[in-house]
Each structure stands twice: as structure tokens, then as C-alpha cells.
Amino acid sequence: MDRKIKAYSLIELLFVIAILFILASFAYREMLVYIARERLKGATEEILGELNWIKTKSTVSSISYGLCIDTSENKVIIFQDENKNNKYDTTIDPVVRTLQVLQRYPGISVNASSSLLCPRAAVFNRFSYLANGIPGKVILSNNFGETKEITISQLGRIRLK
């Protein structure tokens, strides 16, 4: 009796496994890029939301609120400007919230123009204008070189680029 067994050879299985590994390596890289892009998007939207909250809160109350960037600790500080000097004073101005960008969004770094680096700050007055009148930029970037830029004009307009 002549019986034929139909099966795959070892070389055919190795080729299939090699092709699967190559496809998985491309998918892994794309997944890392996707995660970094989504973290950048999330951090940008959170900072935009905080800026809009500060602007609204300053408009409806008699207290000015501000935001400054601490690049040494990679964090964003939201504070009340108690002494109305349009700067963040650690001993006088109470902190409302602190956004730890690196802890919350790993791989995202925050930078800003000199007008937003602590102790300088973007402080909004009750007319939704920047109290000091100096425009500023917040620049967020991820590990793959993608960046998002938030600009604040003299008139308090907040834009995402």
C-alpha cells in the first residue's frame, strides 16, 4: 500500500514565520508612532483646555489667572495672580492646578517662548486679554520629532498650529 501524507515542509513553515516577523516589525513601529502621536494630541488638548479655562475664569471673576511653563520639571502651572504683577510668585500666588506632562504623557516634552517660562506667565485679565500684552508660544514634541504649537496672541486669542 502506497500512502501519501500531505503536509508542509519545514522550510515552508520557516518562510511563513519569517514573513510574519517582518510584518510584525512594521506593525510594531507604526504602533509606537501612533501611541506617541496620540499622547502628543492628548497633551496638546489638555493644555488648550487649561488655557481656555483660565481665560474664562479670569473673565467671569475679579481674580486674574495665569499659566506658566516650568521646563526643568516638564510641567505646566496654573495659578491665581494674587498680587496682580502678571508673574508667578511661588510664595504669594496660589497654585490652582499643576499638569505633570512627562508623568501623564510619557515621551512628551514641553517648551515655551520666554514670555511663558516661569516666573513669567500668560495671565488673562477680565477682558480676556493677556494682562502683560506679550504673546507667547507653547511647543509640545514627542520622541519621533512631531510637534504641536499653541500660540497666544496679545488679544488673548489661543490657536493651535
One finds the C-alpha centres of region 86-122 and region 27-67 to be spaced, in Å, by 13
What's the local net charge at residue 131, with K and R +1, D and E -1, over the other residues with C-beta under 9 Å away? 0
Reachable lysines, given that their alpha-carbon falls under 20 Å from the alpha-carbon of residue 57 and they are not under 8 places away in the same chain: 84, 87
Highest mean first, how do 100-112, 21-33 rank when packing is the count of other Cβ atoms within 10 Å averaged over residues? 100-112, 21-33
Note to self, the chain gives a 222 nm [θ] from helices alone (DSSP H runs n ≥ 4, -39500 (n - 2.57) apiece, / all residues, nearest 500) of -12000 deg cm²/dmol
Magnitude of the Cβ-charge dipole of region 25-119, K/R +1 and D/E -1, about the Cα centre, nearest 20 debye? 220
Have a look at 117, 147, 103 and report the one farthest towards the positive end of the charge dipole of region 21-161, computed about the Cα centre with Cβ charges (Lys/Arg +1, Asp/Glu -1). 147
Leading residue at positive end of dipole, region 8-62 (Cβ point charges), from 25, 47, 14: 47
Local electrostatic count, residue 53, Cβ distance below 11 Å [Lys/Arg +1, Asp/Glu -1]: +1
Please list, in chain and number order, the residues 5+ apart from residue 65 or on another chain whose amide H is under 5 Å from its amide H, with Hs placed from the backbone. 58, 81, 124
Could you tell me how many degrees, from 0 to 90 and to the nearest 10, lie between the Cα long axis of helix 10-60 and the main elongation axis, the longest principal axis, of the Cα atoms of the chain? 10
If the only charges are +1 at each Lys and Arg Cβ and -1 at each Asp and Glu Cβ, what is the size of the charge dipole of the chain around the Cα centre, to the nearest 20 debye? 380
What is the magnitude of the charge dipole of region 77-161 about its Cα centre, with +1 placed on the Cβ of each Lys and Arg, -1 on the Cβ of each Asp and Glu, and no other charges, expressed in debye to the nearest 20? 260
Could you work out the local net charge near residue 119, counting Lys and Arg as +1, Asp and Glu as -1, over the other residues with Cβ closer than 9 Å to its Cβ? +1
Loop-located trypsin sites (Lys or Arg not before Pro) in region 47-97, at most 13 other Cβ atoms within 10 Å (DSSP): 84
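Coordinate-derived values only; no laboratory data. Just so you know, these numbers come straight off a predicted model, no measurement behind them. Please note: Cβ atoms are built from the backbone with ideal geometry, for glycine as well, and neighbour counts cover all protein chains shown.
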